[in-house]
Amino acid sequence: MANQIEELQKIIDGSKKIVFFGGAGVSTESGIPDFRSQDGLYKQKWKYPPETIISRSFFDSDPKEFYRFYREKLIIKGVKPNAAHLKLAELEKAGKLLAVVTQNIDGLHQAAGSQKVYELHGSTLRNFCMECGAPYDIDFIANSGTSPDSLPRCAKCGGLVKPDVVLYEEGLDDNIINGAVQAIAVADTLIIGGTSLVVYPAAGLINYFNGDHLVLINKSETAADAKADLAIHDSIGKVFSQIKA
């Protein structure tokens, strides 16, 4: 892999407008399980399939079961940014990185110091009352399991508080999508990491890239490997820990 790391370093050194597009694999080294690996959430057994539970129709029909799953599986305390998050923040500070486009909802890029982050699927850190719009933090949702009906109710109006995450059957935020597309469109290098590129419409955003270098870093092969100038099949944290910003 040494030759690939050297090639990646040369690409980064020669780039001025890097955009990073990442998925669940970026955060697995921080202790957050991904969705489609052997130990991912989609392989675990629940009363209903996880894909069903985290859909909008299920949220509306059975909010108690939704929040039971959400609190246990999607709220993960004590996690910290790993080498990949930290290196991306360094690259931005060095003036190399334009933006991070992420499918993750854990807020670890911002915790590492990244400023320009497009969260395609929202964030568990933000929560809003569906009636009056009052904001609540992640602890409010986490602690709502002790309430009489086990649902997070707004202290102001009693409305249901919903996480600011994009569920299945919900559309992505237009402003986030437009910002991500614009960043990718002007990038001279697009680095894709920790994603299998099977979740649409998010994965389709890479089609807006017309720059010089396409780099893929993922433990397994992806459908876009053949299009890449460089494909590294290894841990993204391991790869980025060897890169100088």
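For the chain, the solvent-accessible area of protein heavy atoms averages 48 Å² per residue (probe radius 1.4 Å; ligands and nucleic acids excluded). In the chain, the portion of solvent-accessible area held by carbon and sulfur atoms comes to 49 percent [1.4 Å probe, whole percent, DNA, RNA and ligands not counted]. Seen against the Cα atoms of the chain and their longest principal axis, helix 2-13 is set at about 80 degrees. Relative contact order, whole percent, for the chain stands at 24, derived from Cα pairs under 8 Å and 6 or more residues apart. Taking every DSSP beta bridge that has both ends in the chain, the antiparallel portion is near 25%. Calculated mean residue ellipticity at 222 nm for the chain: -7000 deg cm²/dmol, from DSSP H runs with n ≥ 4 weighted as -39500 (n - 2.57), summed, divided by the residue count and rounded to 500.
Taking all protein chains together and rolling a 1.4 Å probe, PHE69 ends up with roughly 0 Å² accessible. Counting only heavy atoms of the protein chains and using a 1.4 Å probe, ARG68 has close to 100 Å² of accessible surface. To the nearest ten degrees, helix 174-186 and the longest principal axis of the Cα atoms of the chain are 10 degrees apart.
Against the chain, whose longest principal axis is taken from its Cα atoms, helix 83-93 shows a tilt of about 70°. Here are a few candidate values for Cα extents along the principal axes in Å: (i) 58, 34, 30; (ii) 49, 37, 35; (iii) 49, 42, 38. Which one was actually calculated from the structure I just gave you? Label (i) holds the value from this structure.
Per-residue accessible area (protein heavy atoms, 1.4 Å probe) orders TYR200, TYR208, TYR118 as TYR200, TYR208, TYR118, starting from the largest. For the set LYS16/LYS116; LYS80/LYS244; LYS16/LYS227; LYS80/LYS219; LYS162/LYS238; LYS96/LYS162, the pairs lying more than 25 angstrom apart at their alpha carbons are LYS162/LYS238; LYS96/LYS162.
Beta bridges assigned by DSSP with both partners in segment 1-143 are antiparallel in approximately 20 percent of cases.
The values are calculated or read from the model by the stated rules, or taken from the named source; none is laboratory data. Since this is a predicted model, take the numbers as computed values, not measurements. For the accessible areas, the whole protein counts, side chains as well, though only heavy atoms, and no ligand, DNA or RNA atoms are used. Shrake-Rupley method; radii C 1.70, N 1.55, O 1.52, S 1.80 Å.
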